[in-house]
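What follows draws every value from the coordinates through simple rules; no lab data is involved. If you're wondering where the values come from, they're calculated on a predicted model, not measured in any experiment. Cβ atoms come from the backbone with ideal geometry, glycine included; neighbour counts cover every protein chain shown.
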Amino acid sequence: MKRIIIIGGGLAGLGAAYKITRATSEGHDIEFILFEKDRRLGGKIFTEIVPDPSGEGRFIVDGGPDCFLTEKPACHRIAKLTGIFDDELPTDDSRRRTWILSRGKLHQLPDGVMMFSPTKFIPFVTTGLFSWPGKIRMAIDLFIPPKKIAPGEFNDETLESFVVRRMGRECLDRLAEPLVGGVHASDPRQMSLAATFPRLLEMEQKYGSLMKGFISTRRKVEEMRRKYPVKPGEKPRTFFTSFVNGMQQLTDSMAGAAGRERMRTGLSVSSLQRTSEDGWRASLSDGSFINGDAVIVATESWTAEPLVRPHDEAIADALATIPTSSSATVSIAFNESEVGFDINAFGVLCPLVEGRALMAATYSSTKWPGRAPEGKVLLRGFVGGPHNQEILKRSDEELVQTVLAEFRDILGLNPNAKPLFSRIFRWHLGMPQYTLEHLDRVALIENRSAQIPGLALAGGCYRGVGVPNCIESGERAVSKVLGEWGIDLAEDHVEEKRYY
Ligand SMILES: Cc1cc2nc3c(=O)[nH]c(=O)nc-3n(C[C@H](O)[C@H](O)[C@H](O)COP(=O)(O)OP(=O)(O)OC[C@H]3O[C@@H](n4cnc5c(N)ncnc54)[C@H](O)[C@@H]3O)c2cc1C
């Protein structure tokens, strides 16, 4: 029996573990053992169920991701395989509204905006979010020829340079930075489009204009919705999806299906040695060690680096240069009768140019049905990111007070509203930054690790930070290792491949 050591029990590690369990059930003589430094599995996925301190019921508080992109299939596939597909939770789109803070005032995100491009005329011309010169500059996108790409040239640029070139600085500052940069908690001046949203670069080349590209995309989506309407009894197809019991339902179901008895928590791998050409040994934080035939390092880049360094300096150097930024989410619950503002919205985005401590707020109990008991409200503030690492030096109490003050100032929270409870989740160096050099680094890491038998790296620091990407990354790592042993795994069998 071959043994694979998995380091890290986040999405990528669990994705790898569950894939190995599926391979074992196909008759392959392999097993895994997973080590997770923390006392719990899930990594950045962390849901806390908080009993209502003032009555019956419970709050479901997501400390890390609160959703995944519906169009990406990996989570649906895993949810089907583990039996939690029926617990997928669409957003409550009857209350879908997004506010953007602009010059100190909240403006509704105009209907028809896709990413940062308007696709509907009336909402665009009537919004107070942009100045008239800003709107005219955005519309000029329709006439700017696409960037010329020489044959063989790799097309990439930063989010800042792309948006400013096509749609002007106001579009970047007021819309693209909070909407698009915010997803990655990234600095638009550094963020590589090829590594994060390559579709934007392709769209420019294909349509000659982003607005034309997005208008065409919107029409295609509308046509698909007409062609394949939601059947009676089916859940609505919303842009984002979560789970009835929070995002941790996903990682819990993966851990359960993969086999928790083979997962050790509260134990970190302190170093990796090769015992032979194809043998590995992991030294553990309790002084013991374990031998295996392969290792999947499914940790953050900065924890992978020292583990990999003795085996390949160049990979370790590349890992060391992936920048990361820290952030925190602060969830606070209230009585609905006390909040004093209209909670019928998904949340608020605060562009950097507004100079606020708060990057964004989610009205969690509005966006996701069942996140708070009847008559209660759950709000979540997001702080930190590459431009405001200093704020994370504040104590928990100071962070709660900071977020409360921002909620009062920006959302219009009643100063007398008493928090029922608050929860803070800090994500130290938790968000990898995909800068312009990112894809080169990842190519180097992949090419060199392909030469090292029994070693694979996985996780959100390589080819996508999104929840589905991380699962697939863990699965790819398993395929790499098993491929070296001549094992080609069958595709997962699920009833229907087209989920949405
Ligand atoms: C605040 C926040 C909000 C987010 N929101 C969303 C969202 O809404 N939607 C979305 O799609 N994505 C979101 N993301 C991104 C997504 O959550 C992450 O990209 C993803 O969870 C990373 O998974 P991972 O398995 O690569 O890493 P992790 O979850 O970081 O797991 C790595 C694990 O390795 C462990 N580890 C490290 N070193 C060792 C060692 N030496 N020995 C043993 N264990 C070790 C760590 O403790 C950790 O548990 C968000 C991220 C953050 C931080």
Quick calc, Gln108 & Asp38: beta-carbon distance into FRET formula, R0 45 Å, rounding 0.05, result 0.70
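Would you mind calculating the gained length between Gln205 and Asp87 on full extension (0.36 nm times residue separation, minus the Cα-Cα distance), in nm to one decimal? If you can, show how the numbers build up before the last one.
Values: separation 118, 0.36 × 118 = 42.48 nm, distance 3.98 nm.
Gain on stretching Gln205 to Asp87: 38.5 nm.
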Grab the Cα-Cα distance for Asp409 and Glu56, subtract it from 0.36 nm times how many residues apart they are, and report the gain in nm with one decimal.
124.0 nm
How are the Cα pair distances of region 240-363 distributed, in percent, across 5 Å bins from 0?
2, 7, 11, 13, 13, 13, 12, 10, 8, 6, 4, 2, 0, 0
Can you give me the relative contact order of region 205-355 as a percent, contacts being Cα pairs under 8 Å and 6 or more apart?
9 percent
Could you tell me the calculated FRET efficiency between Asp317 and Arg281, based on Cβ-Cβ distance and R0 = 30 angstrom, to the nearest 0.05?
0.80
I want to check the label-to-label distance for Glu398 and Phe289. Put each point 7 Å from Cα in the C-beta direction and report it in nm to one decimal.
4.4 nm
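So what is Rg over Rh here for region 16-127, counting just Cα atoms and using Kirkwood for Rh? Show your work: numbers first, answer last.
Details: Rg = 21.0 Å, Rh = 19.0 Å.
Over the Cα atoms of region 16-127, Rg/Rh equals 1.11.
Quick one: if you take sqrt(5λ) for each eigenvalue of the C-alpha gyration tensor of the chain, what semi-axes come out, biggest first, whole angstrom? Numbers along the way, then the final one.
Numbers: eigenvalues 278, 159, 104 Å².
That gives 37, 28, 23 Å for the three semi-axes.
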Below 8 Å, C-alpha to C-alpha, sequence gap of six or more: please give me the relative contact order for the chain in percent.
25 percent
Of Lys44/Lys220; Lys135/Lys235; Lys19/Lys227; Lys393/Lys418; Lys120/Lys227, which sit over 32 Å apart, Cα to Cα?
Lys44/Lys220; Lys135/Lys235; Lys19/Lys227
Taking 7 Å along the Cα-to-C-beta vector as the label spot, tell me the Tyr228-Glu261 distance in nanometres, rounded to one decimal.
4.0 nm
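For the chain, what does the helix formula give at 222 nm: sum of -39500 (n - 2.57) over DSSP H segments with n ≥ 4, over the residue count, nearest 500 deg cm²/dmol? Let's see the in-between values first.
Values: 16 runs with 156 residues, N = 500.
Helix contribution divided over all residues of the chain: -9000 deg cm²/dmol.
Give me the percent of DSSP beta bridges within the chain that run antiparallel, rounded to the nearest 5.
Numbers: 52 of 71 bridges.
The antiparallel proportion sits near 75 percent.
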What Kirkwood radius, in Å to one decimal, follows from the Cα pairs of region 112-227?
14.6 Å
With a cut-off of 8 Å between alpha carbons and a minimum separation of six or more residues, what is the relative contact order of region 112-227 in percent?
34 percent
